[in-house]
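Only one structure is covered here, and it is reproduced in the block below.
The values are calculated or read from the model by the stated rules, or taken from the named source; none is laboratory data. Since we're looking at a predicted model, the values are computed, not measured. Positions of Cβ are backbone-derived with ideal geometry, glycine not excepted, and every protein chain shown enters the neighbour counts. These area figures cover heavy atoms from the full protein model, side chains too; ligands, DNA and RNA do not enter into them. Shrake-Rupley method; radii C 1.70, N 1.55, O 1.52, S 1.80 Å.
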Amino acid sequence: MWSSRTLFILAAVGSAVGLGNIWRFPYITGENGGGAFVVVYLLCIAAVGIPVMMAEVLLGRQGRQSPINTMRSLAQQSEAWRGWSLIGWMGALGGFLILSYYSVVAGWALYYIYLLASGTFVGTEAAAAGAAFDAFLANPGLLVGFHTLFMVITVFIVGAGVVAGLERAIRWFMPLLFVLLGVLLVYGATSGGFAAGFNFMFSWNWEKLTADGVLEALGHAFFTLSVGMGAIMAYGSYMPNKASIPSAVVMIGVLDTLVAIAAGLAIFAIVFANGLEPGQGPGLLFVTVPIAFGNMGLGVLFGTLFFILVTFAAITSAISIIEPAMAFAVEEFKARRWHVALVLGLVCWILGLGTVFSFNAWADVHVVGEMTFFDFFDFVTQKVMLPLGGLLIAVFAAWVLPKAVVKAQLRLPGGRPVEVLWEVLIKVAAPVGVLAVFVYTLYHFFFQ
Ligand code: TRP
């Protein structure tokens, strides 16, 4: 068990804040035209993500086992269908798929520590920063190398079981990350792109929102909170009983959202100050941020530190992505942490090669439709598995688990009105919301 409520919060923040906030949120916001997309995203966090996260944590704390066995025993206790353990299995599988490409992108951040530290970007212009990233993507050897390095670090930390020590460091790293995002924001404000970036993120432009964009916002809300595949359920199983789930979850959700918004504002300020394309895709972070650090005082120092922090945030997230599978293997087969970590890491590493090559050698290899390996892994996890997992978790907590159990676990503050709000969100908003978005997107996919 976590030594305290604080350690649970640190671990959950470490899990939530990661590449999803700093790398993914800005680039998908850019691809979806900003504005309305951001509104839908915020709505999904508040009305679906946070309630489902509360449900997931409470299931974990009630079950106190790995997600697979937690779901199995909770279904048994509730005299429900044992197949509910499917939520756990899907989560463990999703972990492999997510970590495979997560590790590749975290490898990009690792490489950028080196690039920034070696002064590559001092005085750089937008075109040169873009060319540096393109050259990197075109080099499968380098990509594999840094993907491998990140996976080795993750396997080592998980295998050695030094996770808790790492989570404690979040206390120092998270404020530092905010400081550096602040540095980027100040740079953005002085370079003249801040107002345009702000307008891009918060303008009222509903005509730009597509059905696919809505599903993307929903899927990303789950992704950024680490919800929908048992990761937070696994962490919840370590949470002390006296800690309050609602206040912890709201705090995590707010902090996670603040990091994403700050990263978006900083990046779009640089985008518009340099006439870059907001919808250019996954390279956005790596093309914009080096321009800023390359052209400010102490930029080498700040820039190096920034990518160290991004990598750190990615490590604490990666640990949680693999935790459901890890916890199950250790619990079920009494296997050694080292062995499990090595096997899981190897599988993710191999799967990750598909993502590596989708940016170069296999750029024209399409798995389904127009999707490369990376697009496909991203699609299946983000747009199918996480929303589906979240939907099932909501339904289980709202309709299957005995009401008394939920009540005792949640201990909602605020009396009747808050209780009603919870019921409406978990019974209606979350399941109906996810279903509606699924149906709507499928309809558009097939009939438009
Ligand atoms: N939330 C993390 C991020 O934003 C990624 C992550 C960690 C995750 N654990 C997860 C995503 C579990 C889905 C499920 O970078």
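Numerical summary
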{"item": "From the options Phe268, Phe272, Phe286, residue that is open to solvent by less than 30 Å² (accessible area, probe 1.4 Å), away from the ligand (no atom under 16 Å from the Cβ) and in contact (Cβ under 8 Å) with a residue 40 or more places away in the chain", "result": "Phe268"}
{"item": "Tally of residues being of a type in the set (A, V, I, L, M, F, W, C) and buried (at least 20 other Cβ atoms within 10 Å of the Cβ) across the stretch 430-448", "result": "3"}
{"item": "Number of the exception - Phe121 against (1) among the aromatic types (Phe, Trp, Tyr); (2) open to solvent by 10 Å² or more (accessible area, probe 1.4 Å); (3) more than 14 Å from the ligand (Cβ to nearest atom)", "result": "(2)"}
{"item": "Unmet requirement for Asn32, which otherwise passes all of (1) within 15 Å of the ligand (Cβ to nearest atom); (2) open to solvent by 10 Å² or more (accessible area, probe 1.4 Å); (3) more than 17 Å from Pro240 (Cα to Cα)", "result": "(1)"}
{"item": "When residues of the stretch 211-226 are limited to those that are hydrophobic (A, V, I, L, M, F, W, C) and within 7 Å of the ligand (Cβ to nearest atom), the one most open to solvent (accessible area, probe 1.4 Å)", "result": "Phe223"}
{"item": "Breaking point among (1) in contact with a Phe, Trp or Tyr (Cβ under 9 Å, 6 or more places away or on another chain); (2) surrounded by fewer than 24 Cβ atoms within 10 Å (Cβ to Cβ); (3) under 24 Å from Ala16 (Cβ atoms), for Ala313", "result": "(2)"}
{"item": "Which listed residue, of Val144, Val105, is of a type outside the set (S, T, N, Q), more than 29 Å from Ala273 (Cβ to Cβ), at pLDDT 95 or above and part of a helix (DSSP H, G or I)", "result": "Val144"}
{"item": "Residue in the stretch 289-328 that is nearest to the ligand (Cβ to nearest atom), counting only those that are aliphatic (A, V, I, L, M) and without any contact (Cβ under 8 Å) to a residue 60 or more places away in the chain", "result": "Leu301"}
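For every residue, the table says whether it meets (1) crowded, with 24+ Cβ neighbours inside 10 Å; (2) away from the ligand (no atom under 14 Å from the Cβ); (3) more than 21 Å from Leu425 (Cα to Cα).
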residue: Ala47; (1), (2), (3): no, yes, no
residue: Met53; (1), (2), (3): yes, no, no
residue: Val57; (1), (2), (3): yes, no, no
residue: Arg61; (1), (2), (3): no, yes, no
residue: Gln65; (1), (2), (3): no, yes, yes
residue: Met90; (1), (2), (3): no, no, yes
